[in-house]
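Reading through the structure tokens given below for one structure.
The values are calculated or read from the model by the stated rules, or taken from the named source; none is laboratory data. Values in this document were obtained by computation on a predicted structure and should not be read as measured data. Note that each Cβ is placed from the backbone with ideal geometry, even for glycine, and that neighbours are counted across all protein chains shown. Note: accessible area is taken over every heavy atom of the protein model, side chains too, but ligands, DNA and RNA are not part of it. Shrake-Rupley method; radii C 1.70, N 1.55, O 1.52, S 1.80 Å.
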Amino acid sequence: MSEYRSEHQGDWQVYLNGQWIPHARAFISVDDRGFVFADGVYEVLKAYGGRPFALERHLHRLERSAEAVRLRLPKSRGEFTQLVAELLSRNHLTGRDAIIYIQVTRGVAPRSHLFPAGVEPTLYLFAKELPPYPEWMFTEGVAVITLPDRRWELCHVKSTGLLYNVLARQEAEDRGAWEAVLIRDGKVTEGSHTNLFAVVDGVLRTHPTGPHILPGITRGVTLEVAAALGIPAEERALTPAELAAAREVFLTGTTIEVLPVTRINGQPVGEGRPGPVTTKLRRAFLESVRWHT
Ligand SMILES: Cc1ncc(COP(=O)(O)O)c(C=O)c1O
């Protein structure tokens, strides 16, 4: 079942290349480079009670992603902000929790690896109501598996080229786990669609930013919240052995916020229950959201 839902399934409106149209009538060309080459970047953000959280940070990351792959964004930050507001209001999402998706591709052109000249980027936005995740995920924590990180060296770019992430997440699902945690060169990088934190010897640890992880917005806010709470933190990658021995492990992401991990490859993390640091950080993260939305 889809994680997204809309009460207006039949008539929800999306934005595609300057037009507001029903989702059912939104189509792109088979020559769109997003379709042919995954030549595009995207963002996902969450609105709480209809108010987007960390919109500026997400738009900044979209700009950085586009810049990294030499893609011109067709809108300014101010224009994106207006589009997001209109998207929520057109879909009756003011006052609701919603997911907002923004995608830009290098546009439509006959298939050739070379950048096309004079082509407008494709711009697509949708928003949908985001129902709450089941409460047990936060009270009991989720299971993860570890897999080799076989992605490219530009993981800081939020590219639509997500095939390995898709394969990893599906393998986790097939093996009864919620997420696949990836290991590159003996270091834990991140999840297929989340960042990873662990508590080791009383210190919060997470992989440093760079080409091997996505600089998660939730990751950044979590580090700020930890600093404000006086929780010592270090941006230093964990080895798989450190991960296996960690007292606490949790994932961060826009829709799951701070999510405890209580099993790794079938083995319990710590006591097998969400730990105190994780619980404290989840609470403080949600307080920060309330404060900023
Ligand atoms: C690979 C990857 N890492 C981390 C994240 C978490 O990022 P954020 O907190 O900005 O949602 C995502 C989000 O989709 C992701 O795809």
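Summary of computed values
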quantity	calculated
Electrostatic dipole magnitude of the stretch 136-292 [Cβ: Lys, Arg +1; Asp, Glu -1; Cα centre; debye, to 20]	140
Net charge contributed by nearby residues that have their C-beta within less than 15 Å of Leu243 (K/R +1, D/E -1)	-2
Listed residues Trp178, Trp152, Trp291 arranged by accessible area, highest first, probe 1.4 Å	Trp291, Trp152, Trp178
Cβ-based net charge around Arg111, under 15 Å, with every Lys or Arg adding one and every Asp or Glu removing one	-1
Point-charge dipole on Cβ atoms (K/R +1, D/E -1) for the chain, about Cα centre, debye to 20	340
Estimated inter-spin distance, Arg283 and Ser29, nm [label 7 Å along Cα→Cβ]	5.6
Residue-normalised accessible area of the stretch 185-256, expressed per residue, 1.4 Å probe, Å²	36
Cα gyration tensor shape of the stretch 94-168, rounded if a/c is under 1.5, else prolate or oblate by comparing a/b with b/c	oblate
Heavy atoms of Ser112 accessible to a 1.4 Å probe, total area in Å² rounded to 10	50
Lysine pair number, Cα distance threshold 22 Å (strictly under), the chain, separation 8 or more or different chains	8
Residue order for Thr222, Thr293, Thr94 - accessible surface, 1.4 angstrom probe, largest first	Thr94, Thr293, Thr222
With every protein chain in place, the stretch 136-292: carbon and sulfur % of accessible area (1.4 Å)	54
Euclidean distance between Cα centres, the stretch 69-103 to the stretch 165-243, Å	28
Net charge over other residues, Cβ less than 12 angstrom from the Cβ of Val225 (K, R count +1; D, E count -1)	+1
Probe 1.4 Å, accessible area per residue of the stretch 9-129, Å²	49
Derived scalar couplings ³J(HN,Hα) [the stretch 214-222; Karplus, 6.51 cos²θ - 1.76 cosθ + 1.60; whole Hz; x for Gly, Pro]	7, x, x, 5, 5, 4, x, 5, 4
Residue among Thr255, Gly266, Leu238 farthest towards the positive dipole end of the stretch 136-292, charges placed on Cβ	Thr255
Size of the chain as Cα extents on the principal axes (Å, biggest first)	55, 42, 35
Cut-off 18 Å, label 7 Å out along Cα→Cβ of Arg90, residues of the stretch 27-43 by amide N	27-29, 43
For Phe115, solvent-accessible area (1.4 Å; no DNA, RNA or ligand), Å²	100
Cβ charges +1 (Lys, Arg) and -1 (Asp, Glu), total dipole of the stretch 9-129, debye	180
Fraction in percent of alpha-carbon pairs per bin - 5 Å, the stretch 159-293	2, 11, 21, 25, 22, 13, 6, 1
Pairwise FRET efficiency - Thr239 versus Thr209, Cβ, R0 = 22 Å, nearest 0.05	0.70
Label point distance in nm, Arg70-Trp291, each placed 7 Å from Cα along Cα→Cβ	4.3
